[in-house]
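Presented below is the structure to which this report refers.
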């Protein structure tokens, strides 16, 4: 008796179980990498890895990975859990960042390393860093009843460090990772990388 031919649905899209496994393993990777640089203020690769998850696996995995990785990372941080208002901002920011990576997955930017792709990724990293830091500072200042302007100016140097860090990681490290990992995933785990 011949084996039933798989439907196009199963060959083109990953199953729910495979998605859950992918999200779990990749979220753990993001969290572990995030903790590596925790003691260095505003130097991190967590943001780049969350965005990379969307680029590699698509919108669904990117969005859910961003939420789960941020929830665990910011709740169980070695410096303590974020205040509720700040935690809400962090969850929203990284959920949207993962989704943005998934939205950009169909573009040619992940196919090869070029000055254009590096420039686009660097701009995305800088824009996310500035927007996230600004909104996070507002929410943190409000949650503690502090003067926002004084708080923002006090941390301006760290904001600049964060932007420079994201420009470097998004502009140089991200293109290398997405091109090499995408080719490997398509060859070894075609269903896992069939992002939607």
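How far is the Cα center of segment 43-76 from the Cα center of segment 92-163, in Å?
Taking the Cα centre of each part, segment 43-76 and segment 92-163 sit 13 Å apart.
Give me 159, 22, 38, 107 sorted ascending by neighbouring Cβ count inside 10 Å, so fewest comes first.
Values: 159 19, 22 25, 38 14, 107 11.
Lowest count first: 107, 38, 159, 22.
With the chain treated as a Gaussian network of Cα nodes joined by springs under 10 Å, which of 19, 59, 108 yields the largest mean-square fluctuation?
Top of the fluctuation ranking is 108.
State, to one decimal in nm, how far the label point of residue 127 lies from the label point of residue 37, with both points 7 Å from Cα in the Cβ direction.
Those two pseudo-labels are separated by 2.1 nm.
Relative to the longest principal axis of the chain, what angle (0 to 90°, nearest 10) does the C-alpha long axis of helix 84-103 take?
40
Rounded to the nearest 500 deg cm²/dmol, what is the calculated helix-only ellipticity per residue at 222 nm for the chain, with -39500 (n - 2.57) per DSSP H run of length n ≥ 4?
Roughly -23500 deg cm²/dmol at 222 nm, from the helical runs in the chain.
Quick check: the angle from helix 156-168's long axis to the longest principal axis of the chain, C-alpha only, nearest 10 degrees?
Helix 156-168 sits at roughly 20 degrees to that axis.
Quick check on the exposure proxy: order 26, 132 from fewest to most C-beta atoms within 10 angstrom. Before the final figure, lay out the partial values.
On the way: 26 24, 132 21.
The fewest-first ordering by Cβ neighbours comes to 132, 26.
Grab every C-alpha pair in the chain, bin the distances at 10 angstrom width from 0 up to the longest one, and report whole percents.
Final binned percentages: 9, 34, 33, 16, 6, 2, 1, 0.
So how tilted is helix 59-75 from the main axis of the chain? Cα-based, degrees 0 to 90, rounded to 10.
40
Rule-based calculations on the coordinates, nothing more; no lab input. All values reported here derive from a predicted model rather than from experimental measurement. When we count neighbours, we look across all protein chains shown, and the Cβ atoms used for this are built from the backbone with ideal geometry, even at glycine.
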